[in-house]
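Notes for the one structure printed next.
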Amino acid sequence: MPELPEVETIRRGLSQFIIKKKLVKTTVLCDKSFLGEPTIGVVINIRRFGKALIIDLDNGKSLMIHLRMTGQLIYDSSCHATKSARSKARSTRYAAGHPSDNFTATLPNKQTRVVLEFNDQSTLYFNDQRKFGFIKVLPTAEVEQDPFIKKLAKEPWNMTANELYAKLHRHPNSAIKPTILDQTIVCGLGNIYADESLFTACIHPERKCSTITMEETAALLEAARDVMDKSIASGGSTMATYVKADGTKGDYLDLFAQVFHKDGQPCPRCHTKIEKTKVAGRGTHFCPHCQILHASDSRQGKEGK
DNA sequence: CTAGGATCCTGTCAGC
DNA sequence: TGCTGACAGGATCCTA
């Protein structure tokens, strides 16, 4: 699901395409996916707070979009049925979010929840298989007071190791992984980048926060910045599926991930097999050799295997 | 206050 | 083939 780098990728791409265009029509195909009243206005800015995207209009309203697990935004510059074949041939697709065939499928389709149309007849589709994501209309002036936005922590680039260390140690008995997934602790990491960051910093995902040292905190923060910087630079790991040389589909994620979805494959550092387990209900990938679990981290009620 | 689990929803895949 | 349960790149709500 889209994490910070994917949402930033969408923000940059959409900025090129829809700023200064007028949103003229909103079609809501799933009531649950759209909160508030549809509105009409010119797009003047696109911002991001953590994993939330904000589209500001010139009428004092903003669209807050959260993709959650399976949301996608697919911009299509081609026009609708009335459009000529010539302009269709020149159509542009810009898609990001949860990777799926929807990026190239005919739209709208079964998973399309909201359709936003602009004055030049281009279209932004909000697709979301599981309906966890949403678009919400609210006054621009109130965006930063929104409960979700308001409690977001700083992003890794703006946070010091001291700040993160203090926050981690407020949850001494929690495992490190679910703690860094908490957007009020540090903002932007999701399941992929949490695993990747912990791997890079050589920290076992089940380490208790109380055992994380200042040095490890600094390494973790740097790792988080690094993996997300790399992903943003390459257009986000979920930007699209790509077609491999043999004609089969691949996922950009496979190209840069070191551990995520790599269980059974050799660790890039030590060649030990990457393992997959479950930590706090989330699939978790790590190298059992590079990422050591200290004796003091062992938990009761957990049967070893 | 923290910590853990259930929950929202649809689709896909492994195993029988 | 059909059924079943597990699982899924997020966040919130409820309970102890």
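The values are calculated or read from the model by the stated rules, or taken from the named source; none is laboratory data. None of the values given here were measured: they were computed from a predicted structure. Because the Cβ atoms are built from the backbone with ideal geometry, glycine has one as well, and the counts that use them run over all protein chains shown.
In the range A:189-216, the residues that are at positive phi reach residues that are more than 16 Å from DNA strand C (Cβ to nearest atom) and part of a loop (DSSP other than H, G, I, E, B) with C-beta atoms within less than 7 angstrom, at least six apart or across chains, in these pairs: A:Cys202/A:Cys290; A:Cys202/A:Gln291. Strands (runs of 3 or more DSSP E) fully within the range A:194-305 that include at least 2 residues being crowded, with 19+ Cβ neighbours inside 10 Å, in contact with a helix residue (DSSP H, G or I) (Cβ under 9 Å, 6 or more places away or on another chain) and modelled with pLDDT of 95 or more: A:282-286.
The number of residues in the range A:1-29 being crowded, with 20+ Cβ neighbours inside 10 Å, charged (D, E, K, R) and part of a loop (DSSP other than H, G, I, E, B) comes to 1.
This table checks each residue for (1) touching a residue at least 24 places away in the same chain (Cβ under 8 Å); (2) more than 16 Å from DNA strand B (Cβ to nearest atom); (3) in contact with a helix residue (DSSP H, G or I) (Cβ under 8 Å, 6 or more places away or on another chain).
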| position | (1), (2), (3) |
| --- | --- |
| A:Ala95 | yes, yes, yes |
| A:His98 | yes, no, no |
| A:Val115 | yes, yes, no |
| A:Asp120 | yes, yes, no |
| A:Leu124 | yes, yes, yes |
| A:Leu138 | yes, yes, no |
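From the list A:Leu53, A:Leu35, A:Leu29, the lone residue that is of a type outside the set (Gly, Ala, Ser), away from DNA strand C (no atom under 16 Å from the Cβ) and at pLDDT 95 or above is A:Leu29.
Restricting the range A:100-113 to residues that are outside any strand (DSSP E or B) and either in contact with a Phe, Trp or Tyr (Cβ under 7 Å, 6 or more places away or on another chain) or of a type in the set (S, T, N, Q) (or both), the residue that is nearest to DNA strand B (Cβ to nearest atom) is A:Gln111.
With A:Glu37, A:Glu3, A:Glu8 as the choices, which residue is over 22 Å from the mean Cα position of the chain (by Cα) and not polar (S, T, N, Q)?
Values: A:Glu3 fails: over 22 Å from the mean Cα position of the chain (by Cα); A:Glu8 fails: over 22 Å from the mean Cα position of the chain (by Cα).
Step by step, each of A:Glu37, A:Glu3, A:Glu8 is checked, and only A:Glu37 is over 22 Å from the mean Cα position of the chain (by Cα) and not polar (S, T, N, Q).
On the stretch given as the range A:30-46, residues that are out of contact with any Leu (no Cβ under 7 Å at 6 or more places or on another chain), touching a residue at least 60 places away in the same chain (Cβ under 8 Å) and surrounded by fewer than 17 Cβ atoms within 10 Å (Cβ to Cβ) total 5.
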